[in-house]
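Below: the structure, in structure tokens.
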Amino acid sequence: MLAIGGDALKGSAASNPTTGYSWLVDADSFKKCGPEGSIIVEQSYVRADADSSKSGVGGTTNFTITATDKAKTGSTCGIGFHYAQPWNVEEGW
């Protein structure tokens, strides 16, 4: 549960961008939480500790989800995550 202007919800998932795969995020596409920009999802990638001479090493994508002041109090919204190669994703996944 996110509180408007409160602490962010944080999570992480394994990932390996060297494969062409990345995490795609659908943040409240049905606008149940409010206008566009009501829910902010930030992601950052951290490579796993490994010998820097190795290629193809995976890591972790970290997510931070925040409800902005634009969000409707008491609303329920969906946030979807899909691990895929962006050029191979069907529209509306």
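Per-structure values
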| item | result |
| --- | --- |
| Lys/Arg +1, Asp/Glu -1 at C-beta; the chain dipole; positive extreme among Tyr83, Thr19, Gln43 | Gln43 |
| Mean Cβ count within 10 Å, highest first, over the residues of peptides 47-55, 33-41, 78-86 | 33-41, 78-86, 47-55 |
| Difference of contour (0.36 nm per residue) and Cα-Cα distance, Thr68 to Trp87 | 3.8 nm |
| Rg followed by Dmax, in Å, when the chain is reduced to its Cα trace | 15.5, 50 |
| Pairwise centroid distance, computed over Cα atoms, of segment 71-89 with segment 11-32, Å | 8 Å |
| Value in Å of the Kirkwood radius, where segment 40-89 supplies the Cα pairs that are averaged | 14.3 Å |
| Calculated FRET value between Thr60 and Lys31, using beta carbons and R₀ = 30 Å, to 0.05 | 0.50 |
| Computed magnitude of the charge dipole of the chain (debye, nearest 20; Cβ of K, R +1, Cβ of D, E -1) | 120 debye |
| Residue list for segment 33-57, given a label point 7 angstrom along the Cα-to-Cβ vector of Thr19 and an amide N cut-off under 15 Å | 48, 56-57 |
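Here, each number is a calculation from the coordinates, and none is a lab measurement. This is a predicted model, so every value here is computed, not measured. A quick note on method: Cβ atoms are made from the backbone with ideal geometry, for glycine too, and the neighbour counts reach across all protein chains shown.
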